[in-house]
Amino acid sequence: MIKGVEIKKIKWNTDERGRLMELLRSDDDMYSKFGQVYITTAYPSVVKAWHYHNIQDDHMAVAKGMMKIVLFDDREGSSTRGEINEFFVGDFNPMIIKIPKHVYHGFKCISEEEAIVVNIITMPYNSNDPDEYRLPWNTEKIPYDWDRKNG
């Protein structure tokens, strides 16, 4: 696992009224501080990648559908530099992933319908000076192929 990445398995609590799932609590080991929460989506087979942040950590979960979430460590001096982590997250494998600053990340919708991601970040988004550093989804700098792998 990439240094600084943490995962927490989460689960639905159900009864005759419906369902409830806790994503992140202030007493979780992976929690550091609150910045904001946002929701983003992707349509089937769409890739949204790559980017990293200099000052914020992400805590990413999938509320509906399935996503392939991929991380790449390109941090100078990191003991896991060059490592790739691939997570299949959502309806069939609920978890929250802490993505530390400076780690490239992106995702691909692998469900047949639009997938919904909830991201809890440690800094509010600043539209005048976004903390986002991007590469194209198909960059040669990151050795990852977003195509489905049939084993």
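Each reported figure results from applying straightforward, stated rules to the coordinates on display, with no laboratory input. Everything numeric in this text was worked out from a predicted model, so none of it was measured. Don't worry about glycine lacking a Cβ; one is built from the backbone with ideal geometry, like all the others, and counts go over all protein chains shown.
Observations, loosely collected:
- Pairs from 8/68; 3/149; 33/141; 11/141; 108/141 whose Cα-Cα separation, in the structure shown, is over 28 Å: 33/141; 11/141
- Based on Cα contacts under 8 Å between residues 6+ apart, region 33-112 shows a relative contact order of 46 percent.
- Ordering 45, 127 from the fewest to the most neighbouring beta carbons within 10 Å gives 127, 45.
- The ranking of 47, 117, 70 by Cβ neighbour count inside 10 Å, starting from the fewest, reads 47, 70, 117.
- Within a Gaussian network of the chain (alpha carbon springs, distance under 10 Å), most fluctuating of 44, 130, 94: 130
- Averaging the sequence gap over all C-alpha pairs within less than 8 Å and six or more residues apart, then dividing by the number of residues, gives the chain a relative contact order of 35 percent.
- Charge sum, other residues only, whose C-beta stays under 14 Å from residue 88's C-beta, Lys/Arg counted +1 and Asp/Glu -1: +3
- Gain in span if fully extended, residue 40 to residue 10, counting 0.36 nm per residue against the direct Cα distance: 8.9 nm
- Of [x] 11, 40, 32, 15, 2; [y] 11, 40, 38, 10, 2, 0; [z] 10, 31, 24, 20, 12, 3, 0, the label for P(r) over Cα pairs in 10 Å bins from 0, in percent derived from the coordinates: [y]
- Modelled spin labels at residue 33 and residue 84, positioned 7 Å past Cα toward Cβ, are 3.4 nm from each other.
- Low-density loop positions, GluC sites (Glu not before Pro), region 65-105 - DSSP coil, at most 15 other Cβ in 10 Å: 76
- Label-zone membership for region 40-81, site residue 138, 7 angstrom Cα→C-beta point, backbone N under 16 Å: 45-50
- Tensor-based shape of region 1-60 (alpha-carbon gyration tensor, a/c under 1.5 rounded, otherwise prolate or oblate): oblate
- Fewest-first ranking of 114, 16, using other Cβ atoms within 10 Å as the exposure measure: 16, 114
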